[in-house]
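Please read the structure below before turning to the comments.
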Amino acid sequence: MNARSSGTLRGTLLRHLIAWGLVAVLVVGLGPPARAADGTLVLAALQVLERTYVDPIHPVDVLNAAVSALREATSQSQEVLPPIPAGDTEEQADVAFIAEFERAVQAGTISETQLAYAATRTMLASFHDTHTFYLAPAQWAQFRQELTGNPGFSGIGIVITSQADNTGVRWVFVEDVFPGSPAASAGLKRFDRILQVGTTSLRNATSAQASQVIRGPSGSVAELTVQRGEQVLRIPVARAPIQAEPVAVRLIEPGIAYVRLFGFNQGAGRKLSAALEDLSARNPLRSIVLDLRGNPGGLITEAARVGSLFLPPATTLARVTDREHGPGLLRTSGPSPFAGIPMAVLVDRGSASGSEIVVGALKDYHRATIIGDRTAGALGGAVGAALPEGGMSVTVLRISTPLGTQVEGVGIVPDTPVTLTETDMERGADTQLQAALQMLGATGTYGLLDAA
């Protein structure tokens, strides 16, 4: 069975998507993995796009984006790898692409598998859509595991951020330490600056680059050199499979709850509700800080459950549109035990997708004060599809705020803009949290905060 005809997606997929409420992953099989990726990987991805992408697509234009990737990867000219003619039928375009792929392979500058990955990645990136992208096999496996709450990688259990100082040099800081993680056991703290891992300097490293250095085989040791204030510390941390709890809750002072929601993975809403109810049973709550900084999203069902805790039942959380069924509404449901408690919500450029659903609704209804930096602008409903090699995410829903405000590619501007700078982290001051606490009438001063 060829890649173009295998793994048919049922016509009911989008109806089920709205019912199931998946933002990030609905696994659609396309047959067994290939021995080595080739040009049919691109055609398999195109098949998924044609059947599920939220907007109609033009196959020849999409394939020409893949052809441009072939030219770039092999340094070939348009004479050797010309664009597919606009008037070609779909079948002709498929045949033409496979022929061009084979010519690109013959150039011998890159392996067939890596060429297939590059062409698929570039083709999907040409949509300029934050929820449509390619994932190589290892990334695809991690993507699926993390969303379902299973250990997705072997590491030390921290969230990191890369921030530039006033000279433009980027530094990697610990943004959060997962409770119970190897990093917590080793004594890593929030706002520690990680200077190097082993002999590898993290000066000017991005978060993604630093993450790859810090991760490693379970049982191996990450030898971290850390700056904490004026101290330079060497902290060995044993790596292990990371299965972080999505929620951390504590009292900052009597009556003020601090909630850090790391992601909207399976069970996040239930765990958040249970944690807040337990906290309020021991100490009546007068206000809540909901920290969504660095929260990349996850399942739309969990975003709805979280929003339902703070907004009345049957409240519109978001407006959704798919190409088959048109407009629809995502609403809250069930009891709303904390709907009357004053709130501040912390956001930054890492707050995306499910976070933006919750933030957009809370802002539209003036239910909470939003504090921090503009959000990621990455809001859409997507499914994940397994490909012959790796997988892909594809946007199937357009999502806007209850008032119809577009978030994708724009982000949500906070009510109170506060940027957490490199200087702030260096002195251990969470200025965004301080602003939230001040707004909520906290009586204490909170300058140096460990991970929640």
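The values are calculated or read from the model by the stated rules, or taken from the named source; none is laboratory data. Please read these numbers as outputs of a predicted model, since none were measured by experiment. With ideal geometry, Cβ positions are generated from the backbone for all residues, glycine too; neighbour counts draw on all protein chains shown. For the accessible areas, the whole protein counts, side chains as well, though only heavy atoms, and no ligand, DNA or RNA atoms are used. Shrake-Rupley method; radii C 1.70, N 1.55, O 1.52, S 1.80 Å.
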Picked from the range 124-145 (must be within 19 Å of Leu49 (Cα to Cα) and of a type in the set (S, T, N, Q)), the residue nearest to the chain's Cα centre (by Cα) is Thr130
Where a residue in the range 319-333 is over 15 Å from Gln406 (Cα atoms) and in contact (Cβ under 8 Å) with a residue 60 or more places away in the chain and its partner, wherever it lies, is part of a loop (DSSP other than H, G, I, E, B) and not hydrophobic (A, V, I, L, M, F, W, C), with Cβ under 8 Å and at least six apart:
Arg323/Tyr53; Arg323/Asp55; Arg323/Pro56; Leu330/Gly21
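Given the residues Ser201, Ser218, Ser162, which is the only one that is modelled with pLDDT of 90 or more and either closer than 22 Å to Met425 by Cα or in contact with a His (Cβ under 6 Å, 6 or more places away or on another chain) (or both)? Lay out the reasoning, then the answer.
On the way: Ser218 fails: either closer than 22 Å to Met425 by Cα or in contact with a His (Cβ under 6 Å, 6 or more places away or on another chain) (or both); Ser162 fails: modelled with pLDDT of 90 or more.
After ruling out the rest, the residue left standing is Ser201.
I'm trying to understand the selection: among the residues of the range 286-333, which are in a strand (DSSP E or B) and under 23 Å from Arg349 (Cα atoms)?
Matches in the range 286-333: Ile288, Val289, Leu290, Asp291, Gly298, Leu317, Ala318, Arg319, Val320.
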Tell me which residues, restricted to the range 36-91, are of a type in the set (Asp, Glu) and within 31 Å of the chain's Cα centre (by Cα).
Asp38, Glu50, Asp55, Asp61, Glu72
Conditions (1) at pLDDT below 95; (2) in contact with a strand residue (DSSP E or B) (Cβ under 7 Å, 6 or more places away or on another chain); number of the one not met by Tyr134
(1)
Flagged in the range 248-265 as open to solvent by less than 30 Å² (accessible area, probe 1.4 Å), within 26 Å of the chain's Cα centre (by Cα) and of a type in the set (Val, Ile, Thr), in numbering order, are Val259
Unique match (being of a type in the set (Asp, Glu), open to solvent by 40 Å² or more (accessible area, probe 1.4 Å) and closer than 28 Å to Leu440 by Cα) among Glu245, Glu230:
Glu245
Going by what's in this entry, would Gln114 be described as under 29 Å from Gly380 (Cα atoms) and open to solvent by 20 Å² or more (accessible area, probe 1.4 Å)?
yes
Consider Gly350 carefully, then state whether it is at pLDDT below 95, open to solvent by 20 Å² or more (accessible area, probe 1.4 Å), under 26 Å from Leu285 (Cβ atoms) and out of contact with any helix residue (DSSP H, G or I) (no Cβ under 6 Å at 6 or more places or on another chain).
no
Determine whether Thr109 is outside any loop (DSSP other than H, G, I, E, B), surrounded by fewer than 20 Cβ atoms within 10 Å (Cβ to Cβ) and on the phi < 0 side of the Ramachandran plot.
no
Residue hits (the range 47-59; of a type in the set (Val, Ile, Thr) and either open to solvent by 40 Å² or more (accessible area, probe 1.4 Å) or touching a residue at least 40 places away in the same chain (Cβ under 8 Å) (or both)) are Val48, Thr52, Val54
Residue check: is Thr445 surrounded by fewer than 23 Cβ atoms within 10 Å (Cβ to Cβ), modelled with pLDDT under 95 and within 23 Å of Val159 (Cα to Cα)?
no
Please determine, by comparing only the residues of the range 60-101 that are assigned to a helix (DSSP H, G or I) and among the β-branched types (Val, Ile, Thr), which one is most open to solvent (accessible area, probe 1.4 Å).
Val95
Just to be sure, is Leu397 modelled with pLDDT under 95, touching a helix residue (DSSP H, G or I) at 6+ places or on another chain (Cβ under 8 Å) and of a type outside the set (Val, Ile, Thr)?
yes
Criterion first (closer than 26 Å to Ser287 by Cβ and open to solvent by 40 Å² or more (accessible area, probe 1.4 Å)) does Thr369 satisfy it?
no
So which pairs qualify, if the first residue must be in the range 151-162 and at positive phi, the second must be open to solvent by 10 Å² or more (accessible area, probe 1.4 Å) and modelled with pLDDT under 85, the Cβ gap must be under 6 Å, and the two must be at least 6 apart or on different chains?
Gly157/Ile242
Leu13 versus (1) modelled with pLDDT under 95; (2) open to solvent by 30 Å² or more (accessible area, probe 1.4 Å): which is the lone unmet condition?
(2)
Spot the failing condition for Asp291; the list is (1) of a type outside the set (A, V, I, L, M); (2) out of contact with any Ser or Thr (no Cβ under 6 Å at 6 or more places or on another chain); (3) on the phi < 0 side of the Ramachandran plot; (4) at pLDDT below 95, and only one is missed.
(4)
I'd like the residue in the range 234-248 that is assigned to a strand (DSSP E or B), in contact (Cβ under 8 Å) with a residue 40 or more places away in the chain and among the aliphatic types (A, V, I, L, M) and, out of all such residues, is nearest to Gly307 (Cα to Cα).
Ala248
Condition check for Arg215: open to solvent by less than 30 Å² (accessible area, probe 1.4 Å), touching a residue at least 40 places away in the same chain (Cβ under 8 Å), charged (D, E, K, R) and closer than 24 Å to Gly263 by Cα
no
Tell me yes or no: at least one residue of the range 362-379 is of a type in the set (Lys, Arg) and either part of a helix (DSSP H, G or I) or closer than 19 Å to Val418 by Cβ (or both).
yes
